1. Say whether the condition of being within 12 Å of the ligand (Cβ to nearest atom), in contact (Cβ under 8 Å) with a residue 40 or more places away in the chain and not in a helix (DSSP H, G or I) is met by at least one residue in the stretch 174-186.
2. Do we have residue 34 as within 16 Å of the ligand (Cβ to nearest atom) and either modelled with pLDDT of 95 or more or within 17 Å of the chain's Cα centre (by Cα) (or both) here?
3. With the checklist (1) under 29 Å from residue 228 (Cβ atoms); (2) in contact with a helix residue (DSSP H, G or I) (Cβ under 9 Å, 6 or more places away or on another chain); (3) free of Cβ contacts under 8 Å to residues at least 60 places away in the same chain; (4) surrounded by 14 or more Cβ atoms within 10 Å (Cβ to Cβ) in hand, flag the one item residue 115 doesn't pass.
4. Within the stretch 206-220, can you find the residues that are under 16 Å from residue 148 (Cβ atoms) and more than 11 Å from the ligand (Cβ to nearest atom)?
5. Is it true that residue 5 is over 15 Å from the mean Cα position of the chain (by Cα), surrounded by 20 or more Cβ atoms within 10 Å (Cβ to Cβ) and not in a strand (DSSP E or B)?
6. Are any of the residues in the stretch 89-112 touching a residue at least 60 places away in the same chain (Cβ under 8 Å) and out of contact with any helix residue (DSSP H, G or I) (no Cβ under 7 Å at 6 or more places or on another chain)?
7. Among the residues of the stretch 95-105, write down those that are surrounded by fewer than 18 Cβ atoms within 10 Å (Cβ to Cβ) and part of a helix (DSSP H, G or I).
8. Could you please find all residues in the stretch 114-139 being within 16 Å of residue 79 (Cα to Cα) and part of a loop (DSSP other than H, G, I, E, B)?
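The values are calculated or read from the model by the stated rules, or taken from the named source; none is laboratory data. Because the structure is a prediction, the values reported are computed rather than measured. With ideal geometry, Cβ positions are generated from the backbone for all residues, glycine too; neighbour counts draw on all protein chains shown.
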Ligand code: S5P
């Protein structure tokens, strides 16, 4: 009988994109499916958070546009070194949502120069298939379904967006709250072991729920880690919970 959840080994063999392979290799090596969301406001906090959580995560997800003292050399260059030291990937949660030409500019220019350093980026697919053509040298994670209350990503939208994600060679997976076709990696935010919401529309599930019911591949955890009293310990707890939930979902 086929296991319900496909293994990381199977996906590593079957997926083509180098960034998808790299992510799966790190997952197997670290026994981790945890992506920590570093939604902090200063360069110092970002670097400290990356150092503390680095050993336990496969990727660090950022919103660089909330870093109040952002400076390319001060913020990005040390972060690249920390990522190399602890072997995790950098994922900029930019959620592009424009025409191809504008996304091309936003990806490579401005202060953030995302294309220089991000291994993974998030993008809406609202602009259609060819709006995604300019994201070279990174793995694109399509926003297919959102975790927030009242989101407009209804079934029809998700189905159409998923078709684009399946057919576009730059896309390695999707952010969603539902199961995806096996050729797409599934990234699930809205994960917290302590609480079911944040009073601002966010809706949380446990690691166990998202592996068992959605067959997710990677959990994305923000406040559950960076707001914890001991973020390093919290990262380790989510890493262990995520890996155990993955293993349990194979049976
Ligand atoms: O549907 C989504 C998609 C994303 S990428 N819901 C989300 O919450 N996210 C992001 O995941 C969000 O922008 C934030 O950075 C993180 C969740 O953070 P938390 O503090 O609620 O765990």
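1. Yes, because at least one residue in the stretch 174-186 is within 12 Å of the ligand (Cβ to nearest atom), in contact (Cβ under 8 Å) with a residue 40 or more places away in the chain and not in a helix (DSSP H, G or I).
2. On the way: within 16 Å of the ligand (Cβ to nearest atom): yes; either modelled with pLDDT of 95 or more or within 17 Å of the chain's Cα centre (by Cα) (or both): yes.
Spelling it out, residue 34 is indeed within 16 Å of the ligand (Cβ to nearest atom) and either modelled with pLDDT of 95 or more or within 17 Å of the chain's Cα centre (by Cα) (or both).
3. (1)
4. Residues of the stretch 206-220 under 16 Å from residue 148 (Cβ atoms): 210, 220.
Result: 210, single match.
5. On the way: over 15 Å from the mean Cα position of the chain (by Cα): yes; surrounded by 20 or more Cβ atoms within 10 Å (Cβ to Cβ): yes; not in a strand (DSSP E or B): yes.
Considered against the rule, which asks whether it is over 15 Å from the mean Cα position of the chain (by Cα), surrounded by 20 or more Cβ atoms within 10 Å (Cβ to Cβ) and not in a strand (DSSP E or B), residue 5 comes out as yes.
6. Here is the first cut: in the stretch 89-112, the residues touching a residue at least 60 places away in the same chain (Cβ under 8 Å) are 89.
With the extra rule that they be out of contact with any helix residue (DSSP H, G or I) (no Cβ under 7 Å at 6 or more places or on another chain), the set shrinks to none.
No.
7. If we filter the stretch 95-105 for residues that are surrounded by fewer than 18 Cβ atoms within 10 Å (Cβ to Cβ), which is where we start, we get 95, 97-102, 105.
The answer is 100, 101, 102, 105.
8. Within the stretch 114-139, 118, 119 meet the criteria.
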